[in-house]
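**Student:** Quick one: structure below, then a few questions.
The values are calculated or read from the model by the stated rules, or taken from the named source; none is laboratory data. Since the structure is predicted, the reported quantities are computational estimates derived from the model, not experimental observations. For neighbour counting, all protein chains shown are included, and Cβ atoms are generated from backbone atoms with ideal geometry for every residue, glycine included. Just the protein is used for accessible areas: all its heavy atoms, side chains included, with ligands, DNA and RNA removed. Shrake-Rupley method; radii C 1.70, N 1.55, O 1.52, S 1.80 Å.
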Amino acid sequence: MTTNSILLKTLRGEKTERPPVWFMRQAGRVLPSYMKIKENYTFWQMMQNPEVASKVTLLPIDDLGVDAGILFSDILVIPHALGMGLEFNDSGPVFDQPLAFRENPLIGLQPDPTKLNYIYSVIDQIVRTKKEDTPLIGFCGAPLTVLLFMLQGLGRKGDFPDAIKFIYQNKETTRQLIDVVTELSIVYAQGQIEHGVDVFQLFDTHAGLIPADLYQDLFMPSIRRIGDAVREKGIPFIFFPKGLGTGIAGLSPDDCDFLSIDWQTPLDTARKIVHPKIGLQGNVDPRLLYSSQPEIEKALQPYIEFGKNNQNWIFNLGHGFMPGISVENARFLADWVKRTDWKR
Ligand code: CP3
């Protein structure tokens, strides 16, 4: 078990000289070392090969200087383990027979937890090869985002129109589908922890596609169940409900330990409206990294005051790295966090 790391200290509520730093989607996208490995494999092959996936997980620790690794995998391994046919092509993930177009979406979903075993082999390999004090972050997708992909079949139609329509027209079936996804996600989260992840993050990238009150009603009970299952196993639970807006004010410390804030929400505003016992993570606009380093540095100045006053904060982006961001700027951001005097 990793203990002596700046990330875990912050998550435990201990004081540190600077905020810990890691980035969502740090393992792919911006790293030339990743692109090079990717020339020889498909994404599925990379994920399923413990040597390759563990290596990719650890690349950003050396190449960017971040304080943690995040497991190289994907949120869509859950629908795959529920029996859905999934491929990753150049434009993103594609499912055969999306659920919104099936006669009965519940028939045919067959949870098979053994289909996740290859991921535990990846974790075992990471734990064997990583430096002892480097924490490993495990993750899965939250039921709304995962279901949107399962219902729509692909993520290319940005706002998942047929999936959202399905949810409004079929609340009862939706609740049952949420349960199916939640139950396998719990088994999966606990499996990751048993194999050695130190922190767990739940990604709800598309939380903002429905109103906050509907989100509370339909999805928060399952978020709480997944969070409880993680915390029962003794590790911290970070929740990223992107686009939930002022809905984040309704979260309680029973829901999560830390809340990852999107780039739409000013961090100071988030701190004012989120329960004081919930720590924050975030929330640099990833697109800022398309601009020049002097511009980036200027835009970061307000974070110094925030970091001085808030120990329970993890430096991160407000969503993942975008394709086409330069590795130099990504490294600059991690360096900046480390060389800044946080006046703590
Ligand atoms: O930091 C990391 O990169 C760790 C691994 C990771 C991946 N996906 C690898 C991946 C993580 C944490 C994810 C999460 C994920 N996957 C989310 C939530 C976070 C977010 O960014 O919003 C979502 C919505 C997905 C679904 C998904 N997977 C999409 C829409 C795509 C295609 C577009 C893209 O590149 O993101 C994927 C494929 C995927 N997942 C790739 C990688 C490295 C690209 C595969 C390739 O290189 O061909």
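**Student:** Consider only pairs whose beta carbons are under 8 Å apart and that are at least six residues apart or on different chains; among these, list those whose first residue lies in the range 131-148 and is open to solvent by 10 Å² or more (accessible area, probe 1.4 Å) and near the ligand (Cβ under 9 Å from one of its atoms) and whose second residue is modelled with pLDDT of 95 or more and of a type in the set (A, V, I, L, M, F, W, C).
**Tutor:** These pairs meet every condition: F139/I70; F139/L71; F139/I75; F139/F200; F139/L202; F139/F203.
**Student:** Could you tell me whether any residue of the range 193-206 is charged (D, E, K, R), under 23 Å from L58 (Cβ atoms) and crowded, with 20+ Cβ neighbours inside 10 Å?
**Tutor:** First, pick out the residues of the range 193-206 that are charged (D, E, K, R): 194, 198, 204.
Right, trim to under 23 Å from L58 (Cβ atoms) and you get 194, 198.
If we keep only those that are crowded, with 20+ Cβ neighbours inside 10 Å as well, we get 198.
Yes, the range 193-206 contains a residue that is charged (D, E, K, R), under 23 Å from L58 (Cβ atoms) and crowded, with 20+ Cβ neighbours inside 10 Å.
**Student:** Give just the number: which of (1) away from the ligand (no atom under 15 Å from the Cβ); (2) surrounded by 17 or more Cβ atoms within 10 Å (Cβ to Cβ); (3) of a type in the set (F, W, Y) does Y120 not satisfy?
**Tutor:** Just one mismatch for Y120, condition (2).
**Student:** Within the range 79-89, is there a residue that is within 21 Å of G138 (Cβ to Cβ), assigned to a loop (DSSP other than H, G, I, E, B) and either open to solvent by 20 Å² or more (accessible area, probe 1.4 Å) or more than 14 Å from the ligand (Cβ to nearest atom) (or both)?
**Tutor:** From the range 79-89, those within 21 Å of G138 (Cβ to Cβ) are 79-82, 86, 88; that's our starting set.
Filter again for assigned to a loop (DSSP other than H, G, I, E, B), leaving 82.
Those left that are additionally either open to solvent by 20 Å² or more (accessible area, probe 1.4 Å) or more than 14 Å from the ligand (Cβ to nearest atom) (or both): 82.
Yes, the range 79-89 contains a residue that is within 21 Å of G138 (Cβ to Cβ), assigned to a loop (DSSP other than H, G, I, E, B) and either open to solvent by 20 Å² or more (accessible area, probe 1.4 Å) or more than 14 Å from the ligand (Cβ to nearest atom) (or both).
**Student:** Among the numbered criteria (1) in contact with a Pro (Cβ under 9 Å, 6 or more places away or on another chain); (2) part of a helix (DSSP H, G or I), which single criterion is violated by E172?
**Tutor:** All conditions pass for E172, except number (1).
**Student:** Please verify whether the range 316-326 includes one or more residues that are exposed (fewer than 14 other Cβ atoms within 10 Å of the Cβ), on the phi > 0 side of the Ramachandran plot and within 15 Å of the ligand (Cβ to nearest atom). Explain how you work it out, then say what you get.
**Tutor:** From the range 316-326, those exposed (fewer than 14 other Cβ atoms within 10 Å of the Cβ) are 323-324, 326; that's our starting set.
Add one more test, that the residue is on the phi > 0 side of the Ramachandran plot, and what stays is 324.
Next cut, within 15 Å of the ligand (Cβ to nearest atom) only: 324.
Yes, there is a match, as at least one residue in the range 316-326 is exposed (fewer than 14 other Cβ atoms within 10 Å of the Cβ), on the phi > 0 side of the Ramachandran plot and within 15 Å of the ligand (Cβ to nearest atom).
**Student:** Can you tell me which of R25, R18 is of a type in the set (D, E, K, R), more than 10 Å from the ligand (Cβ to nearest atom) and in contact with a strand residue (DSSP E or B) (Cβ under 9 Å, 6 or more places away or on another chain)? Reasoning before the result, please.
**Tutor:** Working: R25 fails: more than 10 Å from the ligand (Cβ to nearest atom).
Criteria check complete, one pass: R18.
**Student:** Hey, can you tell me all the residues within the range 275-328 that are of a type in the set (F, W, Y) and part of a loop (DSSP other than H, G, I, E, B)?
**Tutor:** Of the residues in the range 275-328, the ones of a type in the set (F, W, Y) are 290, 303, 306, 313, 315, 321.
Within the range 275-328, F321 is the sole residue that qualifies.
**Student:** Could you list, in sequence order, all residues of the range 42-58 that are within 10 Å of the ligand (Cβ to nearest atom) and assigned to a helix (DSSP H, G or I)? Give the steps one after another, and end with the answer.
**Tutor:** First pass over the range 42-58, keeping only residues within 10 Å of the ligand (Cβ to nearest atom): 42-44, 46-47, 53, 56-57.
If the condition is that a residue be within 10 Å of the ligand (Cβ to nearest atom) and assigned to a helix (DSSP H, G or I), then F43, W44, M46, M47, A53, V56, T57 are the ones that fit.
Okay, residues lined up against (1) assigned to a loop (DSSP other than H, G, I, E, B); (2) within 16 Å of the ligand (Cβ to nearest atom); (3) in contact (Cβ under 8 Å) with a residue 12 or more places away in the chain:
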| position | (1), (2), (3) |
| --- | --- |
| G208 | no, yes, yes |
| L214 | no, no, no |
| D217 | no, no, no |
| S222 | no, no, yes |
| R225 | no, no, yes |
| D228 | no, no, no |
| F240 | no, yes, yes |
| G243 | yes, yes, yes |
| T246 | no, no, yes |
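**Student:** If you don't mind, there's one more thing I want to ask. Among the residues of the range 62-76, what is the count of those that are within 13 Å of the ligand (Cβ to nearest atom) and either assigned to a loop (DSSP other than H, G, I, E, B) or out of contact with any Lys or Arg (no Cβ under 8 Å at 6 or more places or on another chain) (or both)? Reasoning before the result, please.
**Tutor:** First pass over the range 62-76, keeping only residues within 13 Å of the ligand (Cβ to nearest atom): 63-64, 66, 68-76.
Among the residues that remain, those that are also either assigned to a loop (DSSP other than H, G, I, E, B) or out of contact with any Lys or Arg (no Cβ under 8 Å at 6 or more places or on another chain) (or both) are: 64, 66, 68, 70-76.
Count: 10.
**Student:** Here's something else I'd like to know. Does the range 154-161 include one or more residues that are over 20 Å from the mean Cα position of the chain (by Cα) and surrounded by fewer than 19 Cβ atoms within 10 Å (Cβ to Cβ)? Break it down into steps so the answer makes sense when it comes.
**Tutor:** Filtering the range 154-161 down to residues over 20 Å from the mean Cα position of the chain (by Cα) leaves 157, 161.
Those still in the list that are surrounded by fewer than 19 Cβ atoms within 10 Å (Cβ to Cβ) too: 157, 161.
Among the residues of the range 154-161, at least one is over 20 Å from the mean Cα position of the chain (by Cα) and surrounded by fewer than 19 Cβ atoms within 10 Å (Cβ to Cβ), which makes the answer yes.
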